[in-house]
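Asker: Sharing a structure, written as structure tokens. Questions coming.
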Amino acid sequence: MKKIFSGTVKRGKFIPTDMAYWTFFSTFEGKEVDVAVGPKVKSRSLPQNKYLNGVVYKLLSDHFGMTRTEVHDTMRSLHLTEYRQGCPPVVKSTTDLSTVEFEEYCTNIRVWASEQGLYIPTPNEVEL
């Protein structure tokens, strides 16, 4: 099982935010492990989530007569599909997007919607 722990690096040492890190890490005593380290990526915010569901998906759902789930699946397919040579296409989950990637996703949907004759306001044009 893989688990992600957040923390900071001070003087070359990892200081975990969650003390459960030590318990989890000790379960691998005597075993080889892989450790991946990278900068913390901020996941999407609650206001971003409210905007996507309450504004973007709602307007698309009303305009096209689709359910929220149908809109979600269609938008992911159109805007979050990754193609790699020799591999089947992979549709990313919106929950895996950083705040920046999430805003790019919403922007791409707004551009696409405008091409379909539907205006979707930006987050600063609506109250959430």
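Asker: Using the Cα centre of the chain as the reference point, and only Cβ charges (+1 on K/R, -1 on D/E), how large is the resulting charge dipole? Debye, rounded to the nearest 20.
Answerer: It comes to approximately 560 debye.
Asker: With point charges of +1 on the Cβ of Lys and Arg and -1 on the Cβ of Asp and Glu, referenced to the Cα centre of the chain, which listed residue (100, 20, 128) lies farthest in the positive direction of the dipole?
Answerer: The listed residue farthest towards the positive side: 20.
Asker: Here is a further query. Can you tell me the length gained on complete extension of the stretch residue 128 to residue 98, counting 0.36 nm per residue apart and subtracting the Cα distance?
Answerer: 8.8 nm
Asker: Looking at the chain, which longest stretch skips every one of the GluC sites (Glu not before Pro) that is in a DSSP loop with at most 15 other Cβ atoms within 10 Å, leaving the sites themselves out?
Answerer: 33-126
Asker: Which is the longest run of the chain containing none of the chymotrypsin sites (Phe, Trp or Tyr not before Pro) found in DSSP loop states (not H, G, I, E, B) with at most 12 other C-beta atoms within 10 Å?
Answerer: 29-82
Asker: Here's something else I'd like to know. Springs between alpha-carbon atoms under 10 Å, Gaussian network over the chain: tell me which of 35, 90, 55 tops the mean-square fluctuations.
Answerer: Residue with maximal mean-square fluctuation among 35, 90, 55: 35.
Asker: At what distance in nm do the modelled label points of residue 23 and residue 108 sit from each other, each positioned 7 Å from its Cα along Cα→Cβ?
Answerer: Computed distance between label sites residue 23 and residue 108 equals 3.9 nm.
Asker: Put a dot 7 Å past each Cα toward the Cβ at residue 14 and residue 66; how far apart are the dots in nm?
Answerer: 4.0 nm
Asker: How high is the relative contact order of the stretch 46-125, given as a whole-number percent (alpha carbon pairs under 8 Å, six or more residues apart)?
Answerer: About 29 percent, as a whole number.
Asker: If each residue of separation counts as 0.36 nm, what is the full-extension length gain between residue 90 and residue 76 once their alpha-carbon separation is subtracted?
Answerer: Length difference between fully extended and current span is 4.0 nm.
Every number in this text was worked out from the coordinates using simple rules, so none of it is lab data. In this text, all values refer to a predicted model and were calculated from it rather than measured experimentally. Every residue, glycine among them, receives a Cβ derived from its backbone with ideal geometry; neighbour counts consider all protein chains shown.
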